[in-house]
Structures are given as C-alpha cells and as structure tokens.
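The values are calculated or read from the model by the stated rules, or taken from the named source; none is laboratory data. All values derive from a computational prediction rather than experimental measurement. No Cβ is skipped: glycine too gets one built from the backbone with ideal geometry, and neighbour counts run over all protein chains shown.
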Amino acid sequence: MLSLLSDKYLPNSLHLYGTNQIKLLSTVVNMDGVPMGLDIFDVASQFNKAITRSYLKWSTCSMLIYDITRRETFKSIRTWLEDARQHLGQHTEILLIGNKCDMEKIRAVSYSEGEDFAKKNGLMFMETSVKDDYNVEKALRTMHHLEKHASEGTLSSLARMLSDGIHTDITINTGDGSIGAHRAVLASRSPVFENMFSHNLKEKELSTVEISDMSIDELRAMLGFIYADLSPQEFLNHRLALIRAANKYDISDIKEACVKSLMEDIDSGNVFELLETAQLYNLSGLKDQCIQFLVKSDAIHDDQLNAFIQSADREFIEDVFRNILAIKRR
C-alpha cells in the first residue's frame with residue numbers, strides 16, 4: 001500500500017510501519033484534471049478485529065487485497081468480506097485486488113479464482129502490480145468513483161427525507177409557515193438542537209420548534225443545507241440569513257461555507273454591510289477581507305460611508321479606520 005500511494009516501488013516497505021498497526025494513508029489522485037484527496041485506512045490482517053470494525057463503519061467503500069503468491073491471504077478474504085458486509089452494509093461497494101501479478105512464476109492463486117470469487121460475491125475485481133505499475137492508478141480511480149457513488153446516493157436519500165417528508169418527527173414553525181424535519185438529523189448537526197431533544201424541554205414534549213426570527217424561505221435554506229438539498233442560487237440568496245442561523249444553532253460548516261462565499265463577493269455595494277456582519281458574529285476573516293478591499297478600492301461612495309458611520313458602533317468604526325491606516329503605512 002505504501003508503494004501504491006508513494007508512486008514508486010518499495011520492495012521492503014513493511015519495516016516502515018510494522019504489521020500490527022492501522023495506517024491512514026493519503027494521496028491526491030487526478031480525476032479528469034481535478035485533484036481529489038483520497039484517504040485510505042490500511043488495516044493489517046493481524047490486527048485486533050474489534051478495532052478494525054470501528055474503522056470499517058466510517059468507510060464509504062472498501063478495498064480487499066490478497067497476495068497472489070500466498071494462497072492463505074486469498075483464503076482469508078472470505079472472513080474479511082464477512083466483516084466488511086456486516087459493518088459497511090450489504091450494499092457497500094467493495095473492490096477485490098490480487099496484488100503482485102508480476103510474480104507469475106510463483107503464482108498460487110489463479111486470475112480466474114479471484115474473478116470467480118468476486119462475481120459470486122458481487123465485488124469488483126482486478127489484479128495489480130506496483131512493481132510494474134500495472135493497474136495501480138486504475139485501482140485508485142476505481143476507489144474514488146466507488147466513494148463518489150456511495151456519497152451521492154447517501155446525499156440523495158437524505159435530500160428526499162426532507163423534500164418528501166419521509167418519517168418526519170418534528171415540526172419547525174416560523175411566522176409564515178412550517179416544515180417537517182427529523183430530530184436525529186438536526187441533533188447530529190447542531191448541539192443546540194441536540195440539547196433541545198435530549199432534555200425535557202417543550203420542543204421534545206410537543207415535537208415542535210418555534211423560530212420566530214426566521215422566514216419560511218430562510219428556514220428552508222437552512223434545512224436545505226443540512227439535508228444537502230440546497231441549490232447554489234438559494235445558497236447565494238440566503239447567505240446572511242444562514243450565517244445568523246448558523247450562529248444561533250452553532251452549525252459551524254454552514255457558517256464556514258457562507259463566510260468563504262461572501263469573502264469572494266465583496267464589492268463597493270456590500271462591503272460596509274459585510275463589515276457589520278463580521279463584527280456582529282465575530283468573523284475575523286471576513287472583517288480582514290473587507291478592510292483589505294477598502295484599502296485597495298477607489299469606488300467607495302460617500303453616502304455608503306456616511307451610512308456606515310451613522311449605524312455602526314463607534315469603537316468598531318475606530319478599529320476599522322485604524323486597521324486601514326496601519327495597512328497603508330506599510
């Protein structure tokens with residue numbers, strides 16, 4: 001595995017990390033011109049099975065590898081497959097690999113044996129040789145496509161749970177509408193929701209959550225992000241509302257996505273509004289980007305500046321201009 005990910009043959013790589021360890025191996029694979037990160041947990045066959053299972057449950061796909069020159073490694077695949085099926089699920093994609101196919105003279109497992117086993121058990125199959133660089137990149141590409149397929153299927157199912165109202169168990173009410181959702185999904189993304197549903201609060205007892213400071217469209221956008229059912233345009237339209245919601249319900253990935261997007265869209269028409277948003281929610285990165293924009297921009301209008309001075313906190317205004325002057329003096 002080290003040889004495979006280091007892009008060169010390492011004939012004596014075993015001593016680099018021993019046999020009784022679980023290794024996290026990372027590489028970048030070029031997929032149609034786009035660099036994609038790939039993390040692989042390499043599980044030694046001698047390792048404690050209970051610990052191995054804890055890694056399996058977090059994997060989206062699995063690669064089972066045997067040595068074609070050692071028949072006992074092929075025989076052990078059945079046990080590993082049973083473990084994978086149990087802890088990854090019956091429909092998880094698995095790639096079976098017979099390694100060292102360059103060593104044909106001492107082959108102990110035929111190609112047809114590996115292929116037949118894969119067909120009978122619904123696996124993908126190939127043989128590889130790191131030494132000859134045969135099917136190495138193909139194996140990594142296949143793992144990437146399996147992972148992508150599994151992730152897309154999961155996200156599609158999650159989106160349907162929201163859009164089709166499948167087995168909802170909580171109703172969220174706003175001033176202009178209601179949407180059904182799922183306690184487990186909300187609790188897994190937000191410690192605030194988790195606290196609501198874990199203790200004897202009214203939300204748990206009544207199976208409703210009242211959100212008076214959010215419109216139905218803003219709520220739909222927040223839930224759309226959580227359930228992976230939010231279009232790019234809806235995201236752009238509701239970024240500021242999403243930041244407010246993310247701050248209130250402590251949903252860090254929503255906040256990070258919105259801040260990153262806003263930082264890319266700073267212009268003379270929104271820079272002061274974004275500065276105040278950065279101050280309100282303690283978004284230092286957004287604040288710094290806005291200040292950098294003000295330093296470089298010549299398109300700031302007096303009416304926008306005056307509106308900012310009239311509405312913003314006095315100490316914050318002083319801090320902004322102090323930072324602008326400090327940058328210009330460099």
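Here Asp265, Asp229, Asp250 are screened, and the one residue that is in contact with a Ser or Thr (Cβ under 9 Å, 6 or more places away or on another chain), under 25 Å from Tyr281 (Cβ atoms) and modelled with pLDDT under 90 is Asp229. Look at (1) in contact with a Pro (Cβ under 9 Å, 6 or more places away or on another chain); (2) without any contact (Cβ under 8 Å) to a residue 24 or more places away in the chain and you find that Tyr249 fails only one, number (2). Would it be correct to say that Asp303 is outside any helix (DSSP H, G or I), modelled with pLDDT under 90 and either among the charged types (D, E, K, R) or under 26 Å from the mean Cα position of the chain (by Cα) (or both)? Taking the combined requirement at face value, the residue does not satisfy it. Set side by side, the residues Ile254, Ile243 differ, and just one is over 17 Å from Ile172 (Cα atoms), touching a Cys at 6+ places or on another chain (Cβ under 8 Å) and crowded, with 16+ Cβ neighbours inside 10 Å, which is Ile243. For the range 141-173, the candidate set comprises residues that are acidic (Asp, Glu) and at pLDDT 70 or above; within that set, the residue that is farthest from Ile97 (Cα to Cα) is Asp169. Screening the candidates Ser268, Ser261, Ser297 for the property of being surrounded by fewer than 18 Cβ atoms within 10 Å (Cβ to Cβ), in contact (Cβ under 8 Å) with a residue 24 or more places away in the chain, under 21 Å from Ala241 (Cβ atoms) and under 36 Å from the mean Cα position of the chain (by Cα) yields one hit, Ser261.
Out of Met214, Met196, one residue alone is modelled with pLDDT under 90, buried (at least 19 other Cβ atoms within 10 Å of the Cβ) and at negative phi. It is Met196.
Of the candidates Ser188, Ser212, the single residue that is of a type in the set (Ser, Thr, Tyr) and outside any helix (DSSP H, G or I) is Ser212.
Just wondering, is there one or more residues in the range 181-193 that are more than 24 Å from the chain's Cα centre (by Cα) and closer than 22 Å to Ala241 by Cα? Checked the range 181-193: no residue is more than 24 Å from the chain's Cα centre (by Cα) and closer than 22 Å to Ala241 by Cα. Summed over the range 306-330, the residues that are surrounded by 11 or more Cβ atoms within 10 Å (Cβ to Cβ), touching a residue at least 12 places away in the same chain (Cβ under 8 Å) and either outside any loop (DSSP other than H, G, I, E, B) or hydroxyl-bearing (Ser, Thr, Tyr) (or both) give a count of 8.
Scan the range 126-138 residue by residue and report those that are at pLDDT below 80 and closer than 13 Å to Ile65 by Cβ. Passing the criteria: only Val136.
Among residues of the range 157-184 that are closer than 14 Å to Met196 by Cα, those with a Cβ under 9 angstrom from a residue that is assigned to a strand (DSSP E or B) and among the acidic types (Asp, Glu), sequence gap 6+ or separate chain, pair up as Ile172/Glu210.
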